[in-house]
Amino acid sequence: MDNRPRLLICDDEPLMTESIKRVLGDNYRVQTTNSSRHALSLIHADAPDLVILDVMMPGMTGFEVLDAVDREHCDAAFIIVTGEASVDSAIKAIRKGASDYLRKPFEPEELIIRVENVLKQRQMKHDHMCVQAENRQLENQLRQSQKMEAIGTLAGGIAHDFNNVLSIILGNTELALADMPGHHAAHHNLERILTASLRAREMIQQLLSFSRKEESGFKPIRLNSVIAESLKLMRASLPTNISIERDICSTICTAIADATQIHQVMLNLCTNAAHAMEPNGGVLTIRLEPVTLDGDTAADPDGLAPGRYARLIVADTGHGIEAEIIDRIFDPYFTTKETGKGTGMGLSVVHGIIKSSGGTIRAFSQPGRFTEFHLYLPVVDIVVDAKPAIFDQRHLPGGHEHIMIVDDEEMLVDMMRQVLEQLGYTVTAHTDSSASHEAFVCSPRTYDLLITDMTMPGMTGTDLAKAIKAVRADLPVILCTGFNEQISEETAQSLGIQALIMKPVGMQQLAEAIRKVLAQPSPERRKTPRFAVPAGSFVISRTHPYERCNLMDIGPSGLAFSHEMESVPDNPSDQLAIMAPDGEIFINGLHCRIVSDTPAGSPVSLSEAGRARRGVSFEDLTVLQTELISQFIHNHARGLLQ
């Protein structure tokens with residue numbers, strides 16, 4: 001490719017144009033003409049980088065050519081050449097847009113220097129304009145991201161308030177269903193309320209995921225059900241003059257994706273389709289079908305591999321997309337919509353979601369007739385339930401423990417009290433967190449479990465959990481929250497909170513969470529067999545990864561090791577690895593809780609003088625870890641401890 005600058009030389013004297021061309025040599029791509037009108041045509045047609053233009057020419061003077069140039073579509077630089085020695089003439093040339101002025105006769109070296117300088121100035125001006133354009137684009141992107149962040153914050157606040165209301169609706173509906181026989185006329189209506197509440201809960205989770213700007217979880221989902229559910233949600237938001245034709249195959253299409261993100265894809269594509277069919281409406285077609293792509297049909301710039309896919313087609317009968325922009329529609333912030341109709345992020349987000357799910361998206365359009373988006377997602381052979389069944393209150397797990405409930409929403413507390421009492425529990429309910437703390441301090445052994453809201457006036461849920469744990473460390477705690485950016489599963493565990501439940505809380509979810517927490521072993525090590533371990537096996541703690549601690553004894557539920565750590569960590573949770581005598585890591589990622597830490601110099605007899613002894617209990621062992629512990633005991637342990 002020839003990257004030399006393009007020059008146009010125009011002088012009514014052929015000898016002059018040829019002379020200038022010879023002086024400039026082969027460093028430039030040079031075109032010549034002896035007609036000023038022809039020069040003007042060439043300037044607009046070929047867009048040269050520099051024009052060397054004589055002033056006095058028949059037909060049009062050089063100044064008239066400068067006046068006639070379309071500056072909107074031409075950024076050529078100009079050097080005016082004239083035989084006049086007039087300062088006024090030079091000033092006139094510069095004012096009309098010339099970059100330099102050269103008087104005949106001139107030395108070849110002077111011409112070369114002038115041409116080089118003008119081209120450098122033009123390049124600097126062009127670079128500056130590019131930087132300015134990029135800065136403007138970055139400023140626009142920043143404004144758009146600030147808008148999106150503000151929307152996210154607003155979404156989080158709405159979700160937090162709405163979750164409390166939805167919890168009351170959901171809980172009371174479940175209570176009513178539990179008391180109502182199946183043949184009652186209102187039973188079906190209550191089930192529809194429950195179904196709508198569960199659907200609303202999923203929508204709230206979408207708002208929360210959006211406001212937290214976090215990655216959603218990928219898992220096997222049945223696309224047939226997700227697409228059908230999306231169409232139900234969107235029907236009410238689309239104009240009535242848009243008819244929906246759906247063709248969802250009966251063949252099960254299971255993909256590894258996030259249902260919330262697929263809902264978002266459908267929302268963006270269908271909203272764009274609706275805008276494209278304004279104002280007269282049209283037909284929106286949604287088709288889901290299994291396809292098998294071979295090496296030829298899969299060939300695509302996106303690198304789609306041959307194999308089995310689910311193809312989702314979203315088509316509309318709108319105004320279509322012009323051929324010159326269809327390759328740009330997935331670029332961030334690219335939009336052809338008027339202000340207020342879109343941010344230019346919709347299709348970019350769709351493209352990102354589909355690519356992150358291992359698929360691709362292709363666009364086809366014929367302006368004035370239709371637009372189609374073809375989405376390909378790889379399918380997997382995994383059985384997935386079509387949708388979770390509505391709970392059966394007759395089979396909910398219950399108990400006889402004493403539970404304290406704390407939430408500042410009075411109706412929510414009353415609903416949860418009724419639910420738990422129906423399950424057989426004794427319930428003490430509070431709407432004031434400070435009052436609940438005082439009641440607990442008066443009789444800490446009365447209660448078996450604390451269920452508390454996160455956001456409350458006075459003491460928050462985490463503050464209450466800390467205060468109660470300070471009085472009785474072994475009391476299980478369940479924390480409920482509608483939306484809070486400061487709490488996570490990891491943070492909750494570090495505070496000694498056994499479970500974190502997102503509102504709105506359903507009856508089945510609450511019942512199962514309670515039994516799971518109450519069924520967990522106490523922080524004390526169970527009296528299960530322990531086996532002595534000879535020297536040579538080590539424990540590596542996540543809190544002190546550079547110290548190899550001698551493994552002293554081990555059992556199915558915990559172990560003990562000696563160490564030289566100065567103090568017990570604030571967080572009782574730890575993660576250990578066990579190194580076998582051959583130096584290999586035998587077991588890794590053992591989650592545990594510290595239950596004892598005997599300091600060096602203690603009257604308790606230690607096998608190693610000057611070292612402390614720490615005992616831990618295992619938590620949430622996987623099947624593989626359990627098997628490896630048994631294998632380690634069989635291979636390396638020596639003798640049962642009393």
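The dipole here belongs to segment 219-378: it is taken about the Cα centre, uses +1 on the Cβ of Lys and Arg and -1 on the Cβ of Asp and Glu, and is about 520 debye.
The largest accessible area among 247, 381, 54 belongs to the first residue in 381, 247, 54, and the rest follow in falling order (1.4 Å probe, all chains).
Stretching residue 68 away from residue 374 to a fully extended chain increases their span by 105.3 nm, per 0.36 nm per residue minus the current alpha-carbon distance. Of the residues 238, 375, 358, the one whose Cα sits farthest towards the positive end of the charge dipole of segment 219-378 is 238 (charges of +1 on Lys and Arg Cβ, -1 on Asp and Glu Cβ, taken about the Cα centre).
State in Å² the accessible area per residue of segment 6-106; use a 1.4 Å probe, count heavy atoms of protein chains only, and round to the nearest integer. Mind showing how you got there, number by number?
On the way: 5030 Å² over 101 residues.
Averaged over the residues of segment 6-106, the accessible area is 50 Å².
Counting Lys and Arg as +1 and Asp and Glu as -1 over every other residue whose Cβ lies under 10 Å from the Cβ of residue 458, the net charge comes to -3. Taking square-rooted eigenvalues a ≥ b ≥ c of the alpha carbon gyration tensor, is segment 6-106 rounded, prolate or oblate, where a/c under 1.5 means rounded and, failing that, a/b exceeding b/c means prolate? Verdict is rounded for segment 6-106. From the cross-link list 466/503; 21/120; 219/466, which pairs have alpha carbons spaced over 24 Å apart? In this structure, 219/466 lie more than 24 Å apart at Cα. Per-residue SASA remark: residue 63, around 20 Å² accessible (1.4 Å probe; ligands, DNA and RNA not included). The residues 503, 469, 516, sorted by heavy-atom accessible surface at 1.4 Å with ligands and nucleic acids left out, run 516, 469, 503 from largest to smallest.
Within the full protein context, the accessible area of residue 109 is estimated at about 110 Å² for a probe radius of 1.4 Å.
Taking 35 Å as R0, compute the FRET efficiency from the Cβ-Cβ separation of residue 244 and residue 494 and round it to 0.05.
On the way: r = 49 Å, r/R0 = 1.39.
Given R0 = 35 Å and the Cβ-Cβ separation, E is 0.10.
Accessible surface for residue 193 stands near 80 Å², nearest 10, in the context of the full protein assembly shown (1.4 Å probe).
The values are calculated or read from the model by the stated rules, or taken from the named source; none is laboratory data. Computed from a predicted model, the values in this text were never measured in an experiment. Note: ideal-geometry Cβ built from the backbone for every residue, glycine included; neighbour counts use all protein chains shown. The accessibility values were calculated without ligands, DNA or RNA, using every heavy atom of the protein model including side chains. Shrake-Rupley method; radii C 1.70, N 1.55, O 1.52, S 1.80 Å.
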